[in-house]
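Data first, discussion second: the structure below is written as structure tokens.
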Amino acid sequence: MLPEEAGDFDREFRREMADATETFDLTEVLSLLQRWQRVALSSRDAAAHRRMLEHADRLTVGDHVATEPWERTRTRLGR
């Protein structure tokens, strides 16, 4: 996870733990941890992760971002 994402994780974790304290249900806590694990794995390459976040922001507001089909990406990456 990038340093600038730590606050988001902390807020979400505290909120879900507070809910779990009331409901005795850890389902949402576990879901949050799985989601943030993917973020942590993605951010091992901080520059690539930041580019992905920038592209996601641009796509969200309707900007054009060059994309390619998943099969082409897999082939390019040798997977």
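The values are calculated or read from the model by the stated rules, or taken from the named source; none is laboratory data. Note that the structure is predicted; figures quoted are calculated from it, not measured. Every residue, glycine as well, gets a Cβ built from its backbone with ideal geometry; the counts of neighbours run over all protein chains shown.
Looking at region 23-79, which of its residues are outside any loop (DSSP other than H, G, I, E, B), loosely packed, with under 10 Cβ neighbours inside 10 Å and of a type in the set (A, V, I, L, M)?
A47, L77
Here's the yes/no breakdown for (1) on the phi < 0 side of the Ramachandran plot; (2) in contact with an Asp or Glu (Cβ under 9 Å, 6 or more places away or on another chain); (3) without any contact (Cβ under 8 Å) to a residue 60 or more places away in the chain; (4) not β-branched (V, I, T):
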| position | (1), (2), (3), (4) |
| --- | --- |
| S42 | yes, no, yes, yes |
| A46 | yes, no, yes, yes |
| A56 | yes, no, yes, yes |
| L59 | yes, no, yes, yes |
| G62 | no, no, yes, yes |
| T67 | yes, no, yes, no |
| E71 | yes, no, yes, yes |
| R74 | yes, no, yes, yes |
| L77 | yes, no, yes, yes |
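Pick out the one residue from R15, R50 that is under 14 Å from the mean Cα position of the chain (by Cα), charged (D, E, K, R) and at pLDDT 95 or above. Lay out the reasoning, then the answer.
Numbers: R15 fails: under 14 Å from the mean Cα position of the chain (by Cα).
Only one candidate qualifies: R50.
So, V65, is that one at pLDDT below 95 and under 20 Å from the mean Cα position of the chain (by Cα) or not? Break it down into steps so the answer makes sense when it comes.
Details: at pLDDT below 95: yes; under 20 Å from the mean Cα position of the chain (by Cα): yes.
So V65 passes the test.
Considering only residues that are farther than 19 Å from A48 by Cβ and hydrophobic (A, V, I, L, M, F, W, C), which ones fall in region 10-36? Walk me through it before giving the result.
Applying the first criterion (farther than 19 Å from A48 by Cβ) to region 10-36 yields 10-34.
If the condition is that a residue be farther than 19 Å from A48 by Cβ and hydrophobic (A, V, I, L, M, F, W, C), then F13, M17, A18, A20, F24, L26, V29, L30, L32, L33 are the ones that fit.
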